[in-house]
């Protein structure tokens, strides 16, 4: 009933209708939801009651979004330091979930979520996926963070008959296992892949490396939870012969954005939470091409209100609506996560973005996985999990081609290894950055 019953169907109907609201309808809804969140926070949360009093703010006085922007922003440190005081109720009940999210520098963030948010979020996700042809009755082949135990035959696979989810282990992506995964999902009938971009990339590289034909029953690829790099999208789509559809969200459940039928730019759902894009001075970014930090206020979970929360994620502003699909949603692109995880630091202290390291040639053709490790400016280790036909010529080609890009700013050695560990959530870490405070200047 929670996910697929009458209550869920009502949520789906609301989301499907609201995605085409006028700007006036959207603003009216946002102010109503913000006032409800702010009133709850003022009444039930010691932290927010004190914070509102400090700036002379009364939720009853909220009339416009400009009134809301008077409030200060918060960040991860705020939640980490004041979590008990931020809560609006008891956290030990069956209607509350304890949650954590991965953090930079090995410091995860812990908080609580209202259990009922799951059905609301799933409604938004399924309506988003529908833009590329997904329907609730269709199977999903899932390569994400779920722990999948092997059966008696050693096959890493589990099945959820209610949701029609076929789970494969993203933690055991060996050539032997990937061959078995692809053979099995070819028997599912018309389906979608639900992946991390890195897991789809691993499958695509395996298919190319072994000159296999991808399963013809894959209608599309739904990618979430990691950044999609342009080279990844190109290789994955060309290998599978279908579209990669990307969504952006986070564990705090504040902002959800996805592509539309006609564009790979991200459309921010205005009824999921209140989205802001702020420059370093805290001002809204409204000029196309300018970058800002994603700031969110959640609507779907109320046990810990996240009000004007700085996510540490950045994006480029595109427009306030999409002329291709007609939705009056904020449009962003080039989403980038916490910068410390994406940058190599040069000898001079500047930062080279991960995107700049992507190669458009055969540099990594004989490589299954790779990751940069850095703990000293200007120096690092490129860890490589080689394929069976990797040899010294590959090492020399990788060094030559990357050094041409680095242009003397960064030296590295190659270390061959059997395995590169994923994050605890099963995500690929492309740059294992151990320098505590890298500069934000990008190359």
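For the reader, a short list of remarks on this structure follows.
- Taken together, the criteria place residue 181 among residues that are in a helix (DSSP H, G or I), in contact with a strand residue (DSSP E or B) (Cβ under 9 Å, 6 or more places away or on another chain) and modelled with pLDDT of 95 or more.
- Within the range 52-69, restricting attention to residues that are under 32 Å from the mean Cα position of the chain (by Cα) and assigned to a helix (DSSP H, G or I), the residue that is surrounded by the fewest Cβ atoms within 10 Å (Cβ to Cβ) is 66.
- The range 294-314: number of residues that are out of contact with any helix residue (DSSP H, G or I) (no Cβ under 7 Å at 6 or more places or on another chain) and at pLDDT 95 or above: 9
- Which listed residue, of 19, 30, is closer than 29 Å to residue 129 by Cα, in contact with a strand residue (DSSP E or B) (Cβ under 7 Å, 6 or more places away or on another chain) and either touching a residue at least 24 places away in the same chain (Cβ under 8 Å) or not assigned by TED's automatic domain parsing to the domain that holds residue 325 (or both): 30
- For the range 70-87, the candidate set comprises residues that are in contact (Cβ under 8 Å) with a residue 24 or more places away in the chain and part of a loop (DSSP other than H, G, I, E, B); within that set, the residue that is nearest to residue 279 (Cα to Cα) is 73.
- Test result for residue 14, in contact (Cβ under 8 Å) with a residue 12 or more places away in the chain, part of a helix (DSSP H, G or I), farther than 19 Å from residue 268 by Cα and under 27 Å from the mean Cα position of the chain (by Cα): no
- Subset of the range 205-231 (residues that are closer than 26 Å to residue 272 by Cβ and in contact with a strand residue (DSSP E or B) (Cβ under 8 Å, 6 or more places away or on another chain)): 219, 220, 221, 222, 223, 224, 227, 228
- Taken over the range 139-178, residues that are in a loop (DSSP other than H, G, I, E, B) and in contact (Cβ under 8 Å) with a residue 60 or more places away in the chain amount to 7.
- Taking the criterion of being exposed (fewer than 14 other Cβ atoms within 10 Å of the Cβ) and part of a helix (DSSP H, G or I), the residues of the range 17-33 that qualify are 17, 23, 24, 28, 32.
- Some residue of the range 121-130 being under 30 Å from residue 192 (Cα atoms), at pLDDT 95 or above and touching a strand residue (DSSP E or B) at 6+ places or on another chain (Cβ under 6 Å): yes
- Residues that are modelled with pLDDT under 90 and either within 18 Å of residue 389 (Cα to Cα) or not assigned by TED's automatic domain parsing to the domain that holds residue 159 (or both) within the range 192-204 comprise just one, 202.
- Entirely in the range 359-443, the strands (runs of 3 or more DSSP E) that have 2 or more residues that are in contact with a helix residue (DSSP H, G or I) (Cβ under 6 Å, 6 or more places away or on another chain), modelled with pLDDT of 85 or more and over 26 Å from residue 178 (Cα atoms): none
Matching residues to (1) touching a strand residue (DSSP E or B) at 6+ places or on another chain (Cβ under 6 Å); (2) farther than 14 Å from residue 203 by Cβ; (3) assigned by TED's automatic domain parsing to the domain that holds residue 217:
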| site | (1), (2), (3) |
| --- | --- |
| 118 | no, yes, no |
| 134 | yes, yes, no |
| 144 | no, no, yes |
| 149 | no, yes, yes |
| 169 | yes, no, yes |
| 174 | no, no, yes |
| 190 | yes, yes, yes |
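The values are calculated or read from the model by the stated rules, or taken from the named source; none is laboratory data. A quick note: this is a predicted structure, and the numbers were derived from the prediction, not measured. Glycine gets a Cβ as well: all are built from the backbone with ideal geometry, and neighbour counts include every protein chain shown.
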